[in-house]
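Comments concern the structure below.
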Amino acid sequence: MKVNNIILIGFMGSGKTTVGKKLAQEMGWQFIDTDRKIEELTGLTITELFKASGEMKFRSEEALMIKKIQNQTQSVIATGGGTVVAQENFEILKQMGVVVYLFAPLDSILKRVKINKDRPLLLQPLPVVEKLWLERREIYRQADVTVDTRDKDAAEIVKEILDLMQGGSSFAAENRY
Ligand code: S3P
């Protein structure tokens, strides 16, 4: 199967950046982190952007960034946890290549990120974060393939993605998450 790009989606703290960097290295592809690109472009951190202009402004920067990278090839792209909530972004990303959902249960995400000041949405009360996780899961399930990250380190997750790429047809694997 010929794949132009690999796009990683999933909740905050699911390992998109760590896995994406390693995967890009293994494939000899470019690594693109859309949040970092937004930070470079605006000169503000995500937290500063949220504080200064609100989430809506961040979402419009995010949508612009997806359009900006849509002609990339041979890239591993780590998206922000909310990028694919906008269906328009999701459609562009689907056309760019294979979309991989990194599934992680909320308890392991919370353990992994602890109190992380760089993720404004995780600073909300737990029931709000739980609701977000449940709603997002329904959206992420539209990915081409899901990798369960539970009890796996980045190297194992990368290997699993590479195996799936070689298997080709495994991309139609049942989506249980
Ligand atoms: C967000 C996730 C963050 C970042 C922003 C909003 C979200 O990215 O884009 O804080 O809506 O889930 P990570 O998933 O890389 O933390």
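The values are calculated or read from the model by the stated rules, or taken from the named source; none is laboratory data. Everything quoted here is computed from the prediction, not taken from an experiment. All Cβ positions, even for glycine, are placed from backbone atoms using ideal geometry, and neighbour counts span all protein chains on display.
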Mind listing just one residue for me: the one in segment 24-33 that is within 16 Å of the chain's Cα centre (by Cα) and not in a helix (DSSP H, G or I) and, of those, farthest from the ligand (Cβ to nearest atom)? Q30
Given the conditions (1) in contact with a helix residue (DSSP H, G or I) (Cβ under 9 Å, 6 or more places away or on another chain); (2) farther than 30 Å from Q166 by Cβ, every one holds for K131 apart from (1)
When I92 is run through (1) closer than 29 Å to E156 by Cα; (2) within 15 Å of the ligand (Cβ to nearest atom); (3) free of Cβ contacts under 8 Å to residues at least 40 places away in the same chain, the failure sits at (2)
Those residues of segment 109-138 that are at pLDDT 90 or above, exposed (fewer than 14 other Cβ atoms within 10 Å of the Cβ) and either under 17 Å from the mean Cα position of the chain (by Cα) or on the phi > 0 side of the Ramachandran plot (or both) come to a total of 3
Would you confirm, using the coordinates I've provided, whether L93 is under 22 Å from E40 (Cα atoms), at pLDDT 95 or above, surrounded by 20 or more Cβ atoms within 10 Å (Cβ to Cβ) and not hydroxyl-bearing (S, T, Y)? yes
Filtering segment 34-44 down to residues that are among the charged types (D, E, K, R), within 17 Å of I92 (Cβ to Cβ) and near the ligand (Cβ under 10 Å from one of its atoms) yields D35
Given T42, T73, T47, T18, which one is among the β-branched types (V, I, T) and free of Cβ contacts under 8 Å to residues at least 60 places away in the same chain? T42
Report, by residue number, each residue of segment 63-83 that is within 13 Å of the ligand (Cβ to nearest atom) and in contact with a Ser or Thr (Cβ under 9 Å, 6 or more places away or on another chain). A63, M65, I66, I77, A78, T79, G80, G81, T83
Restricting segment 45-62 to residues that are within 13 Å of the ligand (Cβ to nearest atom) and of a type in the set (A, V, I, L, M, F, W, C), the residue that is surrounded by the fewest Cβ atoms within 10 Å (Cβ to Cβ): M56
Could you list, in sequence order, all residues of segment 139-169 that are touching a Lys or Arg at 6+ places or on another chain (Cβ under 6 Å) and either exposed (fewer than 13 other Cβ atoms within 10 Å of the Cβ) or over 22 Å from V84 (Cα atoms) (or both)? A154
Being crowded, with 17+ Cβ neighbours inside 10 Å and either within 17 Å of the chain's Cα centre (by Cα) or assigned to a helix (DSSP H, G or I) (or both): is that true of M65 here? yes
Could you tell me whether segment 12-22 includes any residue that is closer than 19 Å to A154 by Cβ, touching a strand residue (DSSP E or B) at 6+ places or on another chain (Cβ under 8 Å) and among the hydrophobic types (A, V, I, L, M, F, W, C)? yes
Suppose the filter is touching a strand residue (DSSP E or B) at 6+ places or on another chain (Cβ under 6 Å) and among the aliphatic types (A, V, I, L, M); does I32 pass it? yes
